[in-house]
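The values are calculated or read from the model by the stated rules, or taken from the named source; none is laboratory data. Only a predicted model underlies this, so the values are computations on that prediction, with no experimental measurement involved. We place every Cβ from the backbone using ideal geometry, glycine too, and count neighbours over all the protein chains shown.
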Amino acid sequence: MSASSHGSTPAAWTAVVISLVGFTVGGIGMVLGPNWPTFWVGCALVLVSPLVGKILSSSSSTDRERHAGT
């Protein structure tokens, strides 16, 4: 990855969106009661988001290398 991309990849944005959804779901769970199952679902989403980003990043770098001929 070039230095100018600064993480602006589909993998990074997907991880950020999943994390934001997780924070939102967890926050809604805390406001509504607290509703602990909803809160923990939000926590799980936040914890899974870096893994999804890493998996997507590694699969996209493999595609780039295949198209570049290396």
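The residue that is nearest to residue 12 (Cα to Cα), counting only those in the stretch 22-46 that are of a type in the set (A, V, I, L, M) and free of Cβ contacts under 8 Å to residues at least 24 places away in the same chain, is 44. With respect to the stated conditions, residue 31 fails to be surrounded by 15 or more Cβ atoms within 10 Å (Cβ to Cβ), modelled with pLDDT of 90 or more and either among the aromatic types (Phe, Trp, Tyr) or out of contact with any Pro (no Cβ under 9 Å at 6 or more places or on another chain) (or both).
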